[in-house]
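Only one structure is covered here, and it is reproduced in the block below.
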Amino acid sequence: MTDRKDLDRELDRLQARLPDHIGCFMGKVRSPAAAAYRIPIGIAPIGGGMVGFLPILGFWMVPPGLAVVAQDMPPLRPPLVWALRKINGSRD
């Protein structure tokens with residue numbers, strides 16, 4: 001369960017650093033009410049990232065998609081926490 005707590009803490013730190021409109025969207029996606037929609041919301045950018053050679057769609061879409069999916073898939077949480085700690089500059 002500490003993976004979930006660590007993930008929430010790092011996502012809170014990241015969300016605080018984002019512009020308001022992006023942070024608000026991130027908060028909605030992270031809410032318990034959106035649990036049924038998180039997997040499809042996460043798979044869409046991953047799928048778009050697979051066609052990264054196209055304009056607008058690109059490989060940059062894969063990490064945000066994995067971040068959304070990781071909230072509901074425990075095996076993906078530790079690598080995401082590690083990456084978020086690097087991004088956030090956390091020393092935990």
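The values are calculated or read from the model by the stated rules, or taken from the named source; none is laboratory data. The structure displayed is predicted, hence computed values, not measured ones. Positions of Cβ are generated from backbone atoms using ideal geometry, with glycine treated the same way; all protein chains shown enter the neighbour counts.
Values for this structure:
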| item | result |
| --- | --- |
| Residues satisfying the stated conditions in the range 79-89, i.e. more than 13 Å from ASP6 (Cβ to Cβ) and small (Gly, Ala, Ser) | GLY89 |
| Selection count where residues are more than 15 Å from MET73 (Cβ to Cβ) and of a type in the set (Val, Ile, Thr), scope the range 14-54 | 2 |
| Qualifying residue in the range 73-80 (condition: free of Cβ contacts under 8 Å to residues at least 60 places away in the same chain, more than 21 Å from ASP8 (Cα to Cα) and surrounded by fewer than 16 Cβ atoms within 10 Å (Cβ to Cβ)) | no |
| Boolean, ARG13 is surrounded by 12 or more Cβ atoms within 10 Å (Cβ to Cβ) and at pLDDT 90 or above | yes |
| From ALA44, ALA35, residue being out of contact with any strand residue (DSSP E or B) (no Cβ under 7 Å at 6 or more places or on another chain), at negative phi and surrounded by 13 or more Cβ atoms within 10 Å (Cβ to Cβ) | ALA44 |
| Tally of residues being of a type in the set (D, E, K, R) and over 21 Å from ASP3 (Cβ atoms) across the range 25-78 | 1 |
| Check on LEU18, closer than 30 Å to ARG91 by Cα, of a type in the set (A, V, I, L, M, F, W, C) and touching a residue at least 12 places away in the same chain (Cβ under 8 Å) | no |
